[in-house]
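Right, one structure below, let's go through it.
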Amino acid sequence: MTAKQTIEAGKGILGIEFGSTRIKAVLIDEEFKPIAQGSHEWENQLVDGLWTYSVEAIWYGLQDCYANLRANVRQTYDTEIENLAAIGVSAMMHGYMAFNKDEKILVPFRTWRNTNTGKAAAELSKLFNYNIPLRWSISHLYQAILDNEEHVGDIDFLTTLAGFIHWQITGQRVLGIGDASGMIPIDPETKQYSAEMVEKFDKLVAPKGFDWKLLDILPKVLPAGENAGFLTEEGAKRLDISGHLKPGIPVCPPEGDAGTGMVATNAVKQRTGNVSAGTSSFSMIVLEKDLSKPYEMIDMVTTPDGSLVAMVHCNNCTSDLNAWVNLFKEYQQLLGVPVDMNEVYGKLYNNALNGDADCGGLISYNYISGEPVTGLEEGHPLFVRSANDRFNLANFMRANLYASVGVLKIGNDILFKEENVKVDRITGHGGLFKTKGVGQRILAAAINSPISVMETAGEGGPWGMALLGAYMVNNPEKLSLAYFLDKVVFAGNTGEEIAPTAEDVAGFNKYIESYKACLGIEQAAVKCKK
């Protein structure tokens, strides 16, 4: 079929992902190729000290994104989307969306970015003997309990952003296993919430006398490939305000952006991994066995089909780097020179490779927000140098590129050096890798491992979500997700690989030692900021 015939026959599959700064929709054909896209840019808001997006912004963003997709289809193919083979919704993981019996949100959506849950996360980690990160839903719930927030007793349903959208367009209170593993840990044997941890939590909060127990309010866990409901008439109207989209379309389990990143990079098989580097960054390494002990810097989650994954999540990545690049854009505008941002990024990034391997002593802390891996509850972007450092443009840019994956390196050093985790392939995707070869080389030096980047990596999470939709409806032989991706979708393509050089690795190691030694400067900056 041509793309137009695919759309008119209702064979297209739609993936929608809510990222931190952009909501993006990708429509794919039966050969898994993107044939149309739509997007909507948005920003989180700091309200009463907590990062949030309003429910109104969520719906407006979704509808505008879909309308943008419709416009792309009409302009490119002169046709309308009436039906689809499948839909899938994904979003930034974790966080806290609590609703009462009337389906009203009880407090503003608390995103993954919030770091106010330290006491709860520490107590739960000790109770479960398992690392419970600050951003996980269970941390937010227990912190609300510790803070005696009145709304907790009224909770009827607790979910993530992806789970919320899915619920509202299908009526089903379910969640893909990967996203669910960021609510409370998953038992790798049962592929359900850990019964032991659920029981411990219920016993812990029993004195509060709530009307609910934990499983009463959590979404049902579903692995990839399961049917998670159908688009309702109301859901179709919520998605497509023009009224063209028909209800009854099968919808696959909603997932987190970590899971879709694994799918989009063909990294759900054991001994594979991926690094997503954009507004935030995270690495996902699919393990052959559990780690020897819990680590505060490493989160244990799952692939969309339930395999155990070691995740290093960093709240900050390219936002501060982009801010610096924008200064050069302003300077270019002052000179009256036309600005091409791809050229600006390309020139600055490639020039960074001319810098010293250790950045000449320069250090950048890119902490727009707090960074749990390095123990910072709040952030303060900071550039540090001494009078004797080699301060030039190449080293300046290299230091900022190093900073974008510096915290990621700290976490991954534990996996590779202390736990001796083995990987066959790590794939990078996200904005950091847009300038060919540069981010790839920097990351390879950071984690001392070859890094692959695929041509499709730019499609990102929404494409990965659409692939999960395809896995649900176009997999008659019931292949495993890893096999389906490896043999059917990617057909053996592993992308272009860059291996680290000894000089780059040594330079990054020297940089990161200075980075860790000077964290006190960052801590002081945060303190002074208050």
Original post:
Among bridges DSSP assigns within the chain, what percent are antiparallel (round to 5)?
Top reply: 70 percent
Subject >> Among GLY492, ASN100, ASN388 the positive-end extreme of the charge dipole of the chain (Cβ point charges) >> reply: ASN388
Subject >> Between region 151-224 and region 240-293, the Cα center-to-center distance that results, in Å >> reply: 19 Å
Original post:
Please identify the GluC sites (Glu not before Pro) of region 234-310 that satisfy two criteria: DSSP loop assignment and at most 14 other Cβ atoms within 10 Å. Which are they?
Top reply: GLU288
Subject >> Where GluC sites (Glu not before Pro) fall in DSSP loop in region 431-530, at most 10 other Cβ within 10 Å >> reply: GLU477
**OP:** Give the cross-link partners of LYS203 among the lysines, using a straight C-alpha distance below 17 Å as the criterion and excluding same-chain residues fewer than 8 apart.
**Re:** LYS126, LYS213
Subject >> Listed residues LEU334, LEU158, LEU519 arranged by accessible area, highest first, probe 1.4 Å >> reply: LEU334, LEU519, LEU158
Subject >> Alpha carbon centroid spacing (whole Å) that separates region 411-445 from region 60-95 >> reply: 32 Å
Original post:
With every protein chain present, what is the per residue accessible area of region 1-89 (1.4 Å probe, Å²)?
Top reply: 44 Å²
Subject >> Pairwise centroid distance, computed over Cα atoms, of region 123-150 with region 18-33, Å >> reply: 33 Å
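Keeping all protein chains in place, calculate the accessible area per residue for region 394-530 (probe 1.4 angstrom), answer in Å².
Numbers: 5630 Å² over 137 residues.
I get 41 Å² per residue for this part.
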Subject >> Surface share of carbon and sulfur [accessible, 1.4 angstrom probe, percent] for region 96-138 >> reply: 51 percent
Subject >> Lys/Arg +1, Asp/Glu -1 at C-beta; the chain dipole; positive extreme among ALA122, SER292, ILE447 >> reply: ILE447
**OP:** For region 225-279, report the accessible area per residue in Å² (1.4 Å probe, heavy atoms, rounded to an integer).
**Re:** 32 Å²
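For region 464-524, which trypsin sites (Lys or Arg not before Pro) pass both filters: DSSP loop (anything but H, G, I, E, B) and at most 15 other C-beta atoms within 10 Å? Don't jump to the answer; show the numbers that get you there.
Numbers: sites: LYS478, LYS487, LYS510, LYS516; in loops: LYS478.
Answer in residue order: LYS478.
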Original post:
What 222 nm value per residue comes from the helices of the chain, counting each DSSP H run with n ≥ 4 as -39,500 (n - 2.57) and dividing by all residues, nearest 500 deg cm²/dmol?
Top reply: -11000 deg cm²/dmol
Subject >> Reported label for calculated Kirkwood radius over Cα pairs in Å given [x] 23.6; [y] 27.2; [z] 24.3 >> reply: [x]
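The values are calculated or read from the model by the stated rules, or taken from the named source; none is laboratory data. Small disclaimer: the values here were computed from a predicted structure and weren't measured. We place every Cβ from the backbone using ideal geometry, glycine too, and count neighbours over all the protein chains shown. The area values use the complete protein model at the heavy-atom level, side chains included, leaving out ligands, DNA and RNA. Shrake-Rupley method; radii C 1.70, N 1.55, O 1.52, S 1.80 Å.
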